[in-house]
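Here it is: the structure, laid out below.
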Amino acid sequence: MRENYTLIRLYIDTALKLGGEIILDKPHIHYLLTVLRKSQGDRIRVFNGKDGEWAADITRLSRKAGALKITKSLRAAQICPDIWLCFAPVKKHRNAFIVEKATELGVRHLQPVVTQRTQFPKINLERLNAQMIEASEQTERLDIPSLGPINTLNDMLDQWDMGRTLIFADEASSDINAETQTTKPALNALKTIQETDGPCALLIGPEGGFTPSEREHILAHTFVKAVTLGPRILRADTAALALLTLWQSAQGDWG
Ligand code: SAH
């Protein structure tokens, strides 16, 4: 097991270096003192998403003030594979589920995208960011995924970097009577992606799916590869995590 694995781990939004002192903010003081019942002299781990992971000793901890001193480097910085998830916002607790699980599964970037049938176009980005940080703390990641500002499907496609392949989860193709020549089973399609195809992003629709005109518009782009996740229609959150799992197995860092 990794050294110091059992020590609790905090994301701290400040530069980290050996010997550095960290002044704790109120939420961290509360968490260490009241929730974890830590005290002066105890050791924890800290990371900031870019400078790796460090051991830090609590040098002061009271209701009013708290500080840490960085005592040892534990792991060098490392970032997750370059995979994006573009998802249509769903209900609040299901958005939370998507960002938490996608963070655990090692997503690099999350992009909320509003489509015609998106029922919950307003999302609280700050809250989702906090959930991504919490999931990163728990999952031993050394980076935090980024969260893009909400965008419409059309604008996202117009502004798309052609060097990135967009893997489109196309539920219409799960209908066995539909014309499916363009759509491949997801795992096969992902396995055939070459370095020349560039990095990937995954696109998942809202609970009501994409409209026929949106589907046509998505498929008209040369950077799009449509894939099916089988004969059953999955909920948007299930589809997102299933496709991310397949990508990690075929192209990511699970191999
Ligand atoms: N059109 C739907 C449900 C949409 S499911 C309806 O009947 O209401 C939400 C999203 O999950 C879809 O837009 C699609 O991106 C993805 N999805 C769900 N099941 C899928 C499947 N079998 N294959 C590919 N994508 C799927």
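Note down the nm distance, to one decimal, between modelled labels 7 Å out along Cα→Cβ at Thr196 and at Glu126.
4.8
Of Lys38/Lys122; Lys26/Lys50; Lys69/Lys92; Lys91/Lys225; Lys101/Lys225; Lys26/Lys101, which sit over 29 Å apart, Cα to Cα?
Lys38/Lys122; Lys69/Lys92
Quick check for me: using +1 on Lys/Arg Cβ and -1 on Asp/Glu Cβ, what's the dipole size of segment 105-255 about its Cα centre, in debye to the nearest 20?
200
Assuming 0.890 mPa s and 25 °C, estimate D for segment 147-255 with Stokes-Einstein, Rh taken as the Kirkwood radius over Cα pairs, in µm²/s.
171
Continuing with the same structure: If I stretch the segment between Leu219 and Met162 completely, what's the gain in nm (0.36 nm per residue apart, minus their alpha carbon distance), one decimal?
That works out to 19.1 nm of additional length.
May I pose another question? Just how large is the dipole of the chain about the Cα centre, in debye to the nearest 20, putting +1 at every Lys and Arg Cβ and -1 at every Asp and Glu Cβ?
With only Lys, Arg, Asp and Glu charged at Cβ, the dipole is about 1200 debye.
Right, something else. Pulled fully out, how much extra length does the chain show between Leu18 and Arg60, if you take 0.36 nm times their separation in residues and subtract their Cα-Cα distance?
13.3 nm
Based on a Kirkwood Rh over C-alpha pairs, give the Stokes-Einstein translational diffusion coefficient of the chain at 25 °C and viscosity 0.890 mPa s in µm²/s.
124
What are the GluC sites (Glu not before Pro) within segment 152-255 that DSSP puts in a loop, where the Cβ has at most 15 other Cβ atoms within 10 Å?
Glu179, Glu207
Follow-up. For the charge dipole of the chain, defined by +1 on Lys and Arg C-beta atoms and -1 on Asp and Glu C-beta atoms about the Cα centroid, which residue among Ala172, Asn124, Ala56 has the Cα displaced farthest towards the positive pole?
Sorting the options by dipole projection puts first Ala56.
For segment 9-75, give the magnitude of the charge dipole about the Cα centre (Cβ charges: +1 Lys/Arg, -1 Asp/Glu; no others), in debye to the nearest 20.
Values: 14 positive and 7 negative charges, 37 e Å.
Around 180 debye, computed over segment 9-75.
With 10 angstrom as the radius, rank Tyr5, Tyr11 by how many other C-beta atoms surround their C-beta, starting from the fewest.
Tyr5, Tyr11
Something else about it: After finding the eigenvalues of the alpha carbon gyration tensor for segment 9-75, what semi-axes result from the square roots of 5 times each, listed largest first in whole Å?
The equivalent ellipsoid of segment 9-75 has semi-axes of 19, 11, 10 Å.
Same structure again: Over the chain, what is the mean sequence separation of C-alpha contacts under 8 Å (at least six apart), divided by residue count, expressed as relative contact order in percent?
Rounded, it is 18 percent for the chain.
Every number here is computed from the coordinates shown, using simple stated rules; none is lab data. Fair warning: this is a prediction, and the values are worked out from it, not measured in the lab. Neighbour counts run over all protein chains shown; Cβ positions are idealised from the backbone, glycine included.
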